[in-house]
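A.B. asks: My questions will all concern the structure given below.
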Amino acid sequence: MTIRGVIFDMDGVLTDTIELHYQSWQCIADDEGIPFDRQANEALRGLSRRDSLIAILGDRILPEEKIEALLERKNQLFLDSISTMTPDYLLPGVWDLLTELRDRQLKIGIASASRNVERVIQKLGIRHLIDAVTNVYCVDRPKPAPDVFLYAASQLHLAPRECVAIEDAAAGVQAALDAGMWTIGLGPVDRVGAAHIVLPNLDGVRWSDLGDRLSRLKKAEGRGQKAKEEEEGKGIRKLTNNQ
């Protein structure tokens, strides 16, 4: 099946808002007297805002109204921090890849864990290049469930196998794989090694190269499936002959 669409995660893929999220969560943690550092923040990669807060709280039990207040405060802190974002916040290689995809008439989607994805991509100056914008609040289950990627594919009017997902989080890679998509993981192998292709980042990456690599993977997968079917056929014939 021909690849006709590319679905990006946002944070850590298109732009690096990890530091902005860290600073926002650090304020929340400090106010609540909870130890929090960059390593703890790294563990939040790919999680929704609520799931991130639950992870930070650990075994602390808070009433729902307190949780809602903390979530709202964190969001406001983050909104304040992104108010000064510009296209300069795009990560290296992103603009060139997006424009190449557009020139090649591939559909482009975003499947993010952030509710603020629309605001961020407006600030980045790329909204006009994106065909569909989705986040985990559009679906029932957040990543690592495949829901947000399946929803993004439906918004692009594509089958999941016609899509490539680009992710930087283990939860996101798993979500895309479970959605039945081809996956490109950005970052260390111990984090995104389950992806079909692993790259350090998108700097210098061209779709012409990625498309070729994915085509080779698809052919290899097809040969592997054919060999498996042939072996199963031999087993069935052998069983039949022995009866």
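The values are calculated or read from the model by the stated rules, or taken from the named source; none is laboratory data. All of these numbers come straight from a predicted model, not from anything done at the bench. Heads up, the Cβs are rebuilt from the backbone with ideal geometry, glycines too, and the neighbour counts pull from every protein chain shown.
A.B. asks: What are the pairs with Cβ atoms under 9 angstrom where one residue, in region 162-191, is in contact (Cβ under 8 Å) with a residue 12 or more places away in the chain and more than 17 Å from ALA145 (Cα to Cα) and the other, located anywhere, is surrounded by fewer than 24 Cβ atoms within 10 Å (Cβ to Cβ) and of a type in the set (Ser, Thr, Tyr)? Sequence gap at least six, or different chains.
C.D. replies: GLU162/THR2
A.B. asks: Continuing with this model, one more query. Please find, within region 131-159, the residue that is surrounded by the fewest Cβ atoms within 10 Å (Cβ to Cβ) out of those that are out of contact with any Asp or Glu (no Cβ under 7 Å at 6 or more places or on another chain), assigned to a strand (DSSP E or B) and of a type outside the set (Gly, Ala, Ser).
C.D. replies: Top of the filtered list is ASN135.
A.B. asks: Okay, moving on. Please specify each residue of region 84-114 satisfying the condition of being out of contact with any helix residue (DSSP H, G or I) (no Cβ under 8 Å at 6 or more places or on another chain), part of a loop (DSSP other than H, G, I, E, B) and not aliphatic (A, V, I, L, M).
C.D. replies: If the condition is that a residue be out of contact with any helix residue (DSSP H, G or I) (no Cβ under 8 Å at 6 or more places or on another chain), part of a loop (DSSP other than H, G, I, E, B) and not aliphatic (A, V, I, L, M), then THR84, PRO92, GLY93, GLN105 are the ones that fit.
A.B. asks: Moving on to the next point. Select from region 42-70 the residues that are at pLDDT 90 or above and among the polar types (S, T, N, Q) and list them in ascending order.
C.D. replies: Passing the criteria: only SER52.
A.B. asks: Hey, ILE54 hits all of (1) closer than 26 Å to PRO146 by Cα; (2) assigned to a loop (DSSP other than H, G, I, E, B) but one; which does it fall short on?
C.D. replies: It fails just one condition, (2).
A.B. asks: How many of the residues making up region 1-38 are of a type in the set (D, E, K, R) and touching a residue at least 60 places away in the same chain (Cβ under 8 Å)?
C.D. replies: Of the residues in that region, 4 qualify.
A.B. asks: Quick check on this structure: which one of LEU62, LEU44 is without any contact (Cβ under 8 Å) to a residue 40 or more places away in the chain, in a loop (DSSP other than H, G, I, E, B) and in contact with a helix residue (DSSP H, G or I) (Cβ under 7 Å, 6 or more places away or on another chain)?
C.D. replies: LEU44
A.B. asks: Restricting to region 71-100, name every residue that is surrounded by 19 or more Cβ atoms within 10 Å (Cβ to Cβ) and modelled with pLDDT of 95 or more.
C.D. replies: The answer is LEU90, VAL94, LEU97, LEU98.
A.B. asks: So, in region 15-41, how many residues would count as being surrounded by 12 or more Cβ atoms within 10 Å (Cβ to Cβ) and either part of a helix (DSSP H, G or I) or under 16 Å from the mean Cα position of the chain (by Cα) (or both)?
C.D. replies: Result for region 15-41: 17.
A.B. asks: In addition: In region 1-14, what residues are modelled with pLDDT of 95 or more and either assigned to a strand (DSSP E or B) or over 30 Å from ARG104 (Cβ atoms) (or both)?
C.D. replies: Within region 1-14, GLY5, VAL6, ILE7, PHE8 meet the criteria.
A.B. asks: Something else now. Within region 45-65, take every residue that is more than 23 Å from the chain's Cα centre (by Cα) and surrounded by 12 or more Cβ atoms within 10 Å (Cβ to Cβ) and give me the one that is farthest from ALA171 (Cα to Cα).
C.D. replies: Once the filter is applied, the top-ranked residue is LEU62.
A.B. asks: Among the residues in region 123-130, are any assigned to a loop (DSSP other than H, G, I, E, B), of a type in the set (D, E, K, R) and in contact (Cβ under 8 Å) with a residue 24 or more places away in the chain?
C.D. replies: Taking every residue of region 123-130 in turn, none turns out to be assigned to a loop (DSSP other than H, G, I, E, B), of a type in the set (D, E, K, R) and in contact (Cβ under 8 Å) with a residue 24 or more places away in the chain.
A.B. asks: Buried (at least 22 other Cβ atoms within 10 Å of the Cβ) and assigned to a strand (DSSP E or B): which single residue out of GLY185, GLY172 fits that description?
C.D. replies: Of the residues listed, the single one that is buried (at least 22 other Cβ atoms within 10 Å of the Cβ) and assigned to a strand (DSSP E or B) is GLY185.
A.B. asks: Is one or more of the residues making up region 146-165 among the small types (Gly, Ala, Ser) and under 26 Å from SER83 (Cβ atoms)?
C.D. replies: No: region 146-165 contains no residue that is among the small types (Gly, Ala, Ser) and under 26 Å from SER83 (Cβ atoms).
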